[in-house]
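Everything below concerns the one structure shown next.
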Amino acid sequence: MTIPFRQAARVGAYVVKQHLTGRKRYPLVLMLEPLYRCNLACAGCGKIDYPDDILNMRMSYEECMEAIDECGAPAVSIAGGEPLLHRDMPRIVKGFIERNKFVILCTNALLMAKKIDDYEPNPNFTWSIHLDGDKAMHDKSVCQKGTYDVAIAAIKLAKEKGFRTQINCTLFNDADPEKVAAFFDEMMAMGLDGITVSPGYAYERAPDQQHFLDRERTRKLFRDILGRGNGGKKWQFTQSELFLDFLAGNQTYECSPWSMPLRCVFGWQKPCYLLGEGYAKTFKELMEDTDWDKYGVGNYEKCANCMVHCGFEGTAVADSVKRPWKMLPIAVRGVKTDGPMAPDIPLTNQRPAEYNFSRHVELALAKVRAGKAGPQKGGAAS
Ligand code: SF4
Ligand code: SF4
């Protein structure tokens, strides 16, 4: 896991404290979606399919600060939509840094050249640039030619200006392990501070439903990729060793959706960053009123293929605190990429999917139109 030592030490101390105090469920990273408007329309995106009234909603600076104060997570990842379309984003980032939080600002990079000077390099601040592979892979994934070149220019610019810079790479079922490995080599050669890699979650509203990975294919794909890089040791990933080990089929994990809770323009999303089955007004309500046992692989049809970091990284981190010796062979030899895999969770007793999206949208629209919600204090898109 290649995060700065001070960050690893602080997050590690936080996690150990949660365990020592017997806290069963705790947040590691606040996932923040302060708007859903985006300047791209990627085929695998499940976040932007909203009417204009909702796309025009913004969480205000005050709401963003309340979210981190309420949940107390040591880190915040800002996504969307495209966060650089939010006029108050520099102030929001500054506010989190002043609260001594680690801030990851995710962007498709289209606006970085224009906006980068609104931000200052800081050891607690990292740009995370959306890059789903080499030029052909990425431009296909985001459905717009030329986007890869813009992202590469943005990475170079951010590094020149002294920012910590990583990429977030989502893989689909057409990923070629050889090409992904070559892409990771290229990224490391550019001096990136890390790679966050994850299989795409099968969003029910994504325009392209043909290219999502199931769990079996995910495990095989990650073995094929990591096997080309010394069990993953060749590259610097931002994720924990045990999460990578899980992706490669060597761990049987249940998800911890509370570890990366999502606060968005609708409230606190139940149960996780990926699934919008309801919204809570407060973090306390999210934690206390969500029936967590109804969700997860084996419990719910919509979870069947999920291996995404926002569900399983928290489980891997908790495991590394409880059983630190499990990390030793990975540190020495890298992730195991051959031999039998760990058993997967059976799906025989999962409950069928419920489809709530239209109801949430109607409720949110009714509130907007009654003047009870957005466009909010953050202002309209620039
Ligand atoms: S850049 Fe991100 S938010 Fe925008 S359409 Fe693509 S996946 Fe969705
Ligand atoms: S498996 Fe867990 S993290 Fe994944 S969608 Fe289901 S509840 Fe969310």
Subject >> Residues within the stretch 93-119 that are within 16 Å of ligand 1 (Cβ to nearest atom) and part of a strand (DSSP E or B), tallied >> reply: 4
Original post:
surrounded by 20 or more Cβ atoms within 10 Å (Cβ to Cβ), more than 6 Å from ligand 2 (Cβ to nearest atom) and under 16 Å from the mean Cα position of the chain (by Cα) - does that describe any residue in the stretch 287-295?
Top reply: no
Subject >> residue 105 being under 20 Å from residue 84 (Cβ atoms), touching a Leu at 6+ places or on another chain (Cβ under 9 Å) and in contact (Cβ under 8 Å) with a residue 60 or more places away in the chain >> reply: no
Subject >> Listing of helices (runs of 4 or more DSSP H) fully contained in the stretch 121-233 that carry 2 or more residues being within 16 Å of ligand 1 (Cβ to nearest atom), buried (at least 22 other Cβ atoms within 10 Å of the Cβ) and modelled with pLDDT of 95 or more >> reply: 147-160
**OP:** Might you let me know whether the stretch 241-261 holds any residue that is in contact with a strand residue (DSSP E or B) (Cβ under 8 Å, 6 or more places away or on another chain) and at pLDDT below 95?
**Re:** no
Original post:
Could you say which residue among 18, 7 is out of contact with any Cys (no Cβ under 9 Å at 6 or more places or on another chain) and modelled with pLDDT under 90?
Top reply: 7
Original post:
Can residue 209 be described as within 26 Å of residue 78 (Cα to Cα) and in contact with a Gly (Cβ under 6 Å, 6 or more places away or on another chain)?
Top reply: no
Original post:
Does any residue in the stretch 24-42 that is under 30 Å from residue 322 (Cβ atoms) and β-branched (Val, Ile, Thr) come within less than 7 Å, Cβ to Cβ, of a residue that is assigned to a loop (DSSP other than H, G, I, E, B) and modelled with pLDDT of 95 or more six or more places away or on a different chain, and which pairs are these?
Top reply: 29/73; 29/260
Original post:
Can you tell which of 91, 99 is surrounded by fewer than 20 Cβ atoms within 10 Å (Cβ to Cβ) and either touching a strand residue (DSSP E or B) at 6+ places or on another chain (Cβ under 6 Å) or more than 23 Å from residue 273 (Cβ to Cβ) (or both)?
Top reply: 91
**OP:** Could you tell me which residue of the stretch 299-333 is nearest to ligand 2 (Cβ to nearest atom), considering only residues that are surrounded by fewer than 19 Cβ atoms within 10 Å (Cβ to Cβ) and of a type in the set (A, V, I, L, M)?
**Re:** 304
**OP:** For residue 126, indicate whether it is in contact (Cβ under 8 Å) with a residue 40 or more places away in the chain, among the hydroxyl-bearing types (Ser, Thr, Tyr) and touching a Gly at 6+ places or on another chain (Cβ under 9 Å).
**Re:** yes
Original post:
Where residues in the stretch 266-281 are modelled with pLDDT of 95 or more and either touching a Leu at 6+ places or on another chain (Cβ under 8 Å) or under 30 Å from residue 337 (Cβ atoms) (or both), which of them is surrounded by the fewest Cβ atoms within 10 Å (Cβ to Cβ)?
Top reply: 280
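The values are calculated or read from the model by the stated rules, or taken from the named source; none is laboratory data. What you see is a predicted model; the values in this text were computed from it and never measured. When we count neighbours, we look across all protein chains shown, and the Cβ atoms used for this are built from the backbone with ideal geometry, even at glycine.
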